[in-house]
1. Please identify the pairs in which a residue from segment A:34-54 that is closer than 19 Å to A:GLY206 by Cβ has its Cβ atom under 7 Å from the Cβ atom of a residue that is of a type in the set (Lys, Arg) and surrounded by 24 or more Cβ atoms within 10 Å (Cβ to Cβ), counting only partners at least 6 apart or on another chain.
2. Kindly indicate whether B:GLY201 is in a helix (DSSP H, G or I), modelled with pLDDT of 95 or more, away from every other protein chain (no Cβ under 14 Å) and under 20 Å from B:ASN10 (Cα atoms).
3. Give the residues of segment A:120-138 that are in a helix (DSSP H, G or I) and either within 12 Å of another protein chain (Cβ to nearest Cβ) or open to solvent by less than 10 Å² (accessible area, probe 1.4 Å) (or both), sorted by residue number.
4. I'd like the full set of residues that are touching a Ser or Thr at 6+ places or on another chain (Cβ under 7 Å) and assigned to a helix (DSSP H, G or I), limited to segment B:64-96.
5. A:SER180: of a type in the set (Ser, Thr, Tyr), over 12 Å from the mean Cα position of the chain (by Cα) and surrounded by fewer than 24 Cβ atoms within 10 Å (Cβ to Cβ), yes or no?
6. Sort out which residues of segment A:57-74 are over 17 Å from B:ALA171 (Cα atoms), within 14 Å of chain B (Cβ to nearest Cβ) and out of contact with any strand residue (DSSP E or B) (no Cβ under 6 Å at 6 or more places or on another chain), and write them in order of number.
7. Counting only residues that are more than 12 Å from chain B (Cβ to nearest Cβ), more than 9 Å from the chain's Cα centre (by Cα) and over 20 Å from A:GLU30 (Cα atoms), how many does segment A:145-168 have?
8. For segment B:125-136, enumerate the residues that are loosely packed, with under 15 Cβ neighbours inside 10 Å and part of a loop (DSSP other than H, G, I, E, B).
Amino acid sequence: MTAATLQVESLTTDYGPVRAVDGVTLAVEEGSVTAVLGANGAGKTSLLRTISGLERASAGHALLGGEELLGLGVEDIVRRGVAHVPEGRGVIGELTTEENLRLGGLWQGAAAAPLSEMYTLFPPLQERRAQQASSLSGGERQMLSIGRALMARPRVLLLDEPSLGLAPIVVAQIMKLIRSLAAERGLAVLLVEQNARSALSIADRGVVLNLGSVVAADDARALVADESLRHAYLGF
Amino acid sequence: MTRFIDLTLNGISTGAVYAAVALALVLIWRATRIVNFAQGGMLMVTTFIASSVIGSSGSYWLGFVVALASGLVLGALVELTLIRRVEGGPPLNAVIVALGLLILLEAGAGMIWGNTPKSFPPAFSIRGYEVGGTRLLFSPNDTFTVLVVIAVAAGLAALFRYTALGLKMRAAALAPEVARMLGVRVGRMFTLGWALAAFVGSLAGLLVAPSVFVGPNQFDPILVFGFTAAVLGGLDSPPGAVVGGLILGLVLSYVSGYEGSSLVTLAALVVLVAVLMIRPGGLFSTSKERRV
């Protein structure tokens, strides 16, 4: 077994006296999706924010291809190939669709993905390329946010609640897309979701957090089959 | 009628200077959400530098270029050393730091260059153009003032609109955290925003110095007028700053010409209060809600 693309070891994050992430260990292989599940306040978003450098870890490691990410600035972690799509999608509403997309690839210069690639992947965005991003629908914003992250050709994609506020049919589309991105581009996807059922339907592995700690980690199918776990933490 | 034309022309050239100061304030507001009350002090220092260079070298243009360059450096320096510490904090902290810097710069300039205002040469002749036997209140130097401000405003608009750097600066200003997650070095963008603002400010200082003279406190009214112009146009909008500057220049020119120059400052404050009461976002506001 080769070393996982993204390896998180005993990661701990404190907000003052509050321990948001408590010794989390997980791994995401190239071309696979790992879902991080749990209720509100379980530490899912804090985990992603710590990996991408937005929060400072108190202890532990986050390794990309064996190299430590912790301690690097947010801008440098992106440059290592870790793209973070934030909760609420982080689309900059005052910029146009195309400006948002271009922004994602600017640091890569000529090595960035061409805009046309994103328009092929997300046809609705092409029609709205010159419109202010604030005029997009929720699903379009999610596409824009993911497309913008892909512009830099990342190795790891951190997705925070991509299903939030979307209609079930759109959620299904987005989940399918995430699955195919991992498979076709060899991306290592760490998918944070409250919508455990949809997330597990496309994930290879699942990690369940409660109060910042891992309470279960297994193959996605095994988690779905574990009825007591589902009732206790996943709510379905 | 000639009087009206004269006042209009004069309003346009002074308005261009207010527009430049307003642009400097807008650039910093957009980048870091700080109203730079030290702007008047910063452009005073760069104009003093120009005055010294012109005095010792005899070349106006050398002084001009040195002043603009020192504006860039001063802006970047102020952001890196002082403003960095208050960015993202309560707005009042930044205001106090800016006011403190203003006092520091004015006192320092007084110690170095003296408190007596000195004359400052114009770039071109200030003798008005002669049209059909009458001399207009508009000179080659006024033409230069208007053109150079238009050029700078257009250059900035092109920078923000068409370049990758401009896109990064806008993203850093609009959503700093998201911009960082996309690899934009936000701190550098803020530094650059301050440098550009101080550059435009130093230009305004050079343009207005021949008529107000150079002294530690000579540029205080210019800051008030520039701020009024920026609020009039909408603090977020560079085109608004230019239009606001021109409108204010015209209004103040008419007030000064028809009612007396002692009412100019009062008129500017009336405009400021009126805008804040009727359309607090300014003429060119795009957002509905605004922190003040």
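The values are calculated or read from the model by the stated rules, or taken from the named source; none is laboratory data. This is a predicted model, so every value here is computed, not measured. Reconstructed Cβ throughout: ideal geometry from the backbone, glycine too, with neighbour counts over all protein chains shown. Areas reflect the complete protein model, heavy atoms only, side chains present, ligands, DNA and RNA absent. Shrake-Rupley method; radii C 1.70, N 1.55, O 1.52, S 1.80 Å.
1. Short answer, once both residue conditions are applied: A:VAL36/A:LYS44; A:GLY38/A:LYS44.
2. No; evaluated as a whole, the condition is false for this residue.
3. Selection gives A:LEU125, A:ALA133, A:SER134.
4. The answer is B:ALA67, B:LEU68, B:SER70, B:GLY71, B:LEU74, B:ALA76, B:GLU79, B:LEU80, B:ILE83.
5. yes
6. Correct list: A:LEU72, A:GLY73.
7. The total comes to 6.
8. At the first step, the residues of segment B:125-136 found to be loosely packed, with under 15 Cβ neighbours inside 10 Å are B:125-127, B:130-135.
Across segment B:125-136, the qualifying residues are B:SER125, B:ILE126, B:ARG127, B:GLY132, B:GLY133.
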